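Enquirer: If you scroll down you'll find the structure; I have some questions about it.
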Amino acid sequence: MSKTTGNIMWESARGNIFLRLVNQERNEVKLEEKVYIPFLDLAILFYCDLKEYGLGGFYVKKEHLLRWNQDTDSLLRTARENTFHKNNILVGFTTREMLCDGRIMSTNEEDMKKDEPTLMITLSNKDMLYGAAMLTNTDELKKLADRLGSSLYLFPSSVHEIFAVCASFTTDIEFSTNMIKDINDTIIEPEVYLSDNLYYFDREKCEVKIAIPA
């Protein structure tokens with residue numbers, strides 16, 4: 001921990017702490033000193049962004065919590081408030097063709113109904129940076145599931161975004177999981193890799209789990 005970041009007080013840090021989601025197994029060594037919360041096969045990290053102070057950011061470590069007299073629960077509450085405020089959520093609706101072009105299109109309810117059979121939904125933040133933390137945002141996932149009238153399958157694109165589809169659109173979990181692995185092996189750069197697993201958001205239970213083939 002550098003002298004500069006070590007001197008940051010809670011009052012200065014609390015408004016600038018955000019959630020980041022990474023693969024737990026692939027980051028096991030890097031996680032040793034950091035504060036993190038296991039989440040399925042992933043890890044929730046806490047990043048303090050100090051651009052407004054003209055400083056580089058840092059991942060919150062155990063030493064920071066001791067200095068700030070905070071615990072993991074209070075850190076999580078603060079980071080969720082900062083990360084998921086209304087103006088920082090992106091729910092972009094895209095068809096298969098648009099997904100291939102890497103473009104995102106906002107749409108209205110009529111477009112949603114019209115495109116539903118091939119609709120893929122991009123979940124991220126406005127900057128499209130570390131937006132995969134939306135996988136932990138069950139409130140927003142519930143709103144989306146209710147709008148679509150369906151539970152959701154969630155595809156981990158990278159640490160920056162995830163894609164959602166209606167549960168009825170993805171019936172072959174094994175095929176979808178193999179597709180995710182293939183994309184990770186051939187397209188996704190190692191530094192932005194998130195997971196080889198397909199996830200499932202249960203609309204009734206309002207929870208996310210790893211989708212397991214039958």
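The values are calculated or read from the model by the stated rules, or taken from the named source; none is laboratory data. Please read these numbers as outputs of a predicted model, since none were measured by experiment. As a convention, Cβ positions derive from the backbone with ideal geometry for all residues, glycine included, and neighbour counts pool all protein chains shown. Accessible surface areas use protein heavy atoms only, side chains included; no ligands, DNA or RNA. Shrake-Rupley method; radii C 1.70, N 1.55, O 1.52, S 1.80 Å.
Enquirer: Across the stretch 157-176, which residue is modelled with the lowest pLDDT among those that are of a type in the set (Gly, Ala, Ser) and over 22 Å from Leu45 (Cβ atoms)?
Expert: Checking each candidate, the answer is Ser168.
Enquirer: Just checking, does the stretch 84-98 include any residue being over 16 Å from the mean Cα position of the chain (by Cα) and at pLDDT 95 or above?
Expert: No; the residues of the stretch 84-98 include none that is over 16 Å from the mean Cα position of the chain (by Cα) and at pLDDT 95 or above.
Enquirer: So if I check each of Arg26, Arg103, which one is at pLDDT 90 or above, basic (Lys, Arg) and surrounded by 12 or more Cβ atoms within 10 Å (Cβ to Cβ)?
Expert: Exactly one residue qualifies, and that residue is Arg26.
Enquirer: Let me ask something else. Being open to solvent by less than 30 Å² (accessible area, probe 1.4 Å) and of a type in the set (Ser, Thr, Tyr) is the filter here; which residues of the stretch 163-214 pass it?
Expert: Thr170, Ser176, Thr177, Tyr193, Ser195, Tyr199 - these are the residues of the stretch 163-214 that are open to solvent by less than 30 Å² (accessible area, probe 1.4 Å) and of a type in the set (Ser, Thr, Tyr).
Enquirer: Now for a separate question. Just the residues that are surrounded by 14 or more Cβ atoms within 10 Å (Cβ to Cβ) and hydrophobic (A, V, I, L, M, F, W, C), please, taken from the stretch 129-147.
Expert: So the first thing to find is which residues in the stretch 129-147 are surrounded by 14 or more Cβ atoms within 10 Å (Cβ to Cβ), and the list is 130-138, 140-142, 144-145.
Listed by number, the residues that qualify are Ala132, Ala133, Met134, Leu135, Leu141, Leu144, Ala145.
Enquirer: Among (1) of a type in the set (A, V, I, L, M, F, W, C); (2) in contact with a Leu (Cβ under 6 Å, 6 or more places away or on another chain); (3) on the phi > 0 side of the Ramachandran plot, which single condition is Leu42 missing?
Expert: For Leu42, the failing item is (3).
Enquirer: Might you let me know whether the stretch 49-57 holds any residue that is of a type in the set (Phe, Trp, Tyr), open to solvent by 30 Å² or more (accessible area, probe 1.4 Å) and at pLDDT 95 or above? Give the derivation first.
Expert: As a first pass, look at the stretch 49-57 and keep what is of a type in the set (Phe, Trp, Tyr): 53.
From the residues that got through so far, the ones that are open to solvent by 30 Å² or more (accessible area, probe 1.4 Å) too are 53.
With the extra rule that they be at pLDDT 95 or above, the set shrinks to none.
Looking for residues that are of a type in the set (Phe, Trp, Tyr), open to solvent by 30 Å² or more (accessible area, probe 1.4 Å) and at pLDDT 95 or above, one finds none in the stretch 49-57, hence no.
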